[in-house]
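**Q** I am attaching a structure below and will ask some questions about it afterwards.
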Amino acid sequence: MNVKPDFSKHANKAATAPAFLSVWDMHAYYGESYIVQGISFNVHEGEILALLGRNGAGKTSTLRAIARLSDPEVKRGEIWLDHQPLHSMSSYQASQSGLGLVPEDRRIIAGLTVEENLKLAQIAPPIGWSLERVYDLFPRLRERRTQEGVTLSGGEQQMLAIARALCRDIKVLLLDEPYEGLAPVIVDEIEKTLRVIKEQGITTILVEQNAVRALQLADRAVILDTGGIVFDGTAAEVLENKELREEYLAI
């Protein structure tokens, strides 16, 4: 008889550790569909966490729930960021508290230049991320500052979406499939940028189908399966565990 591997000893092991961002017993629904089924995990300040799993595991739903978007609907649980209760906030208030979500479709605003997209997002006055500091991190955006944002290449649009989040002086960057459709050389550039952002103390949660690339970048990993957590540990543990990778990531 085939017995399904049990990785539950890893799951949620960091749930009670001191953390910068904490998700506790979160349950979320799309209508009657029970998508996120009581998950708990912590992310430490300045850490890159890879949130992984097969299609339909609940990864994007978890990001959207943390960002306090209207869907999925969080019916139970708590989300804390730097001692602030995000679970009692609107998406706008969560954004003001330091969350920056970069969705898979990037949401570049048509009709606006690169710089206008950035200025629209920028808080006034800027505290940590002035336009010049953003341009120093993304020299290609400086070169294209007067170009309409939606005419950029896919990689440049991803850079713009991340830069726009930084302009709001965020504490936590939520990235949904940032490598989707990008050439490996552009993914290299994005990863180099994410390492610099990490050095600035920004915490990142990364949802990515390219699990190997995500694990090579991340400090820790949380793996979801049908709405629940099956692993919570270091990225190195996942890379070294063939059985775990095959069972839940198909790699």
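The values are calculated or read from the model by the stated rules, or taken from the named source; none is laboratory data. Everything quoted here is computed from the prediction, not taken from an experiment. Note that each Cβ is placed from the backbone with ideal geometry, even for glycine, and that neighbours are counted across all protein chains shown.
**Q** Among the residues of segment 167-197, count how many are of a type in the set (F, W, Y) and either surrounded by fewer than 19 Cβ atoms within 10 Å (Cβ to Cβ) or in a helix (DSSP H, G or I) (or both).
**A** The qualifying residues number 0.
**Q** Is segment 64-72 home to any residue that is surrounded by fewer than 22 Cβ atoms within 10 Å (Cβ to Cβ), over 17 Å from F231 (Cα atoms), in contact (Cβ under 8 Å) with a residue 60 or more places away in the chain and touching a strand residue (DSSP E or B) at 6+ places or on another chain (Cβ under 7 Å)?
**A** So far as segment 64-72 goes, yes, one or more of its residues are surrounded by fewer than 22 Cβ atoms within 10 Å (Cβ to Cβ), over 17 Å from F231 (Cα atoms), in contact (Cβ under 8 Å) with a residue 60 or more places away in the chain and touching a strand residue (DSSP E or B) at 6+ places or on another chain (Cβ under 7 Å).
**Q** Considering segment 172-205 alone, what residues qualify as being among the polar types (S, T, N, Q) and more than 20 Å from G128 (Cα to Cα)?
**A** Residues satisfying the conditions do not exist here.
**Q** Please work out which one of (1) farther than 30 Å from K59 by Cα; (2) crowded, with 16+ Cβ neighbours inside 10 Å is the condition Q147 fails and give its number.
**A** It is condition (2) that Q147 fails.
**Q** Out of the residues in segment 224-251 that are in a helix (DSSP H, G or I) and touching a helix residue (DSSP H, G or I) at 6+ places or on another chain (Cβ under 7 Å), state the one that is surrounded by the most Cβ atoms within 10 Å (Cβ to Cβ).
**A** Of everything passing the filter in segment 224-251, V238 is surrounded by the most Cβ atoms within 10 Å (Cβ to Cβ).
**Q** What pairs come up if the first residue lies in segment 122-139 and is on the phi < 0 side of the Ramachandran plot, the second is part of a helix (DSSP H, G or I) and surrounded by fewer than 16 Cβ atoms within 10 Å (Cβ to Cβ), and their beta carbons are under 6 Å apart, counting only those six or more places apart or on different chains?
**A** Going by the 6 Å Cβ cut-off, the qualifying pairs are Y135/R142.
**Q** Among the residues of segment 144-178 satisfying the criterion of being of a type in the set (D, E) and at pLDDT 95 or above, which is farthest from R68 (Cα to Cα)?
**A** Looking at the filtered set, the residue picked out is E148.
Condition check ((1) of a type in the set (D, E); (2) closer than 12 Å to G53 by Cα; (3) free of Cβ contacts under 8 Å to residues at least 24 places away in the same chain) across all residues:
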{"residue": "E180", "(1), (2), (3)": "yes, no, no"}
{"residue": "A183", "(1), (2), (3)": "no, no, no"}
{"residue": "Q209", "(1), (2), (3)": "no, yes, no"}
{"residue": "V222", "(1), (2), (3)": "no, yes, no"}
{"residue": "A235", "(1), (2), (3)": "no, no, no"}
{"residue": "R245", "(1), (2), (3)": "no, yes, no"}
{"residue": "A250", "(1), (2), (3)": "no, yes, no"}
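**Q** Take the residues in segment 119-142 that are closer than 19 Å to I190 by Cβ and touching a Phe, Trp or Tyr at 6+ places or on another chain (Cβ under 9 Å); name whichever of them is surrounded by the most Cβ atoms within 10 Å (Cβ to Cβ).
**A** L141
**Q** From the set of residues in segment 91-106 that are aliphatic (A, V, I, L, M) and under 13 Å from the mean Cα position of the chain (by Cα), which is nearest to T62 (Cα to Cα)?
**A** Only one residue fits best here, namely L101.
**Q** If I ask for residues that are out of contact with any Asp or Glu (no Cβ under 9 Å at 6 or more places or on another chain) and either outside any strand (DSSP E or B) or loosely packed, with under 15 Cβ neighbours inside 10 Å (or both), which ones from segment 89-104 would you list?
**A** Those that are out of contact with any Asp or Glu (no Cβ under 9 Å at 6 or more places or on another chain) and either outside any strand (DSSP E or B) or loosely packed, with under 15 Cβ neighbours inside 10 Å (or both): M89, S90, S91, Y92, Q93, A94, S95, Q96.
**Q** Same structure again: Going by the conditions given, is A221 among the small types (G, A, S), part of a strand (DSSP E or B) and crowded, with 17+ Cβ neighbours inside 10 Å?
**A** yes
**Q** Quick check on Q157: is it touching a Phe, Trp or Tyr at 6+ places or on another chain (Cβ under 9 Å) and under 19 Å from I197 (Cβ atoms)?
**A** For Q157, the condition - touching a Phe, Trp or Tyr at 6+ places or on another chain (Cβ under 9 Å) and under 19 Å from I197 (Cβ atoms) - is not met.
**Q** Filter segment 27-63 down to the residues that are more than 20 Å from L175 (Cβ to Cβ) and in contact (Cβ under 8 Å) with a residue 60 or more places away in the chain, then identify the one that is surrounded by the most Cβ atoms within 10 Å (Cβ to Cβ).
**A** S40
**Q** Something else about it: Scanning for something assigned to a loop (DSSP other than H, G, I, E, B) and under 19 Å from the mean Cα position of the chain (by Cα), does segment 107-123 turn up at least one residue?
**A** Yes, the conditions are met somewhere in segment 107-123.
**Q** Filter segment 20-55 down to the residues that are in a loop (DSSP other than H, G, I, E, B) and either of a type in the set (K, R) or touching a strand residue (DSSP E or B) at 6+ places or on another chain (Cβ under 9 Å) (or both) and list them by number.
**A** Residues satisfying the conditions are F20, G31, H44, E45, G46, E47, G53, R54.
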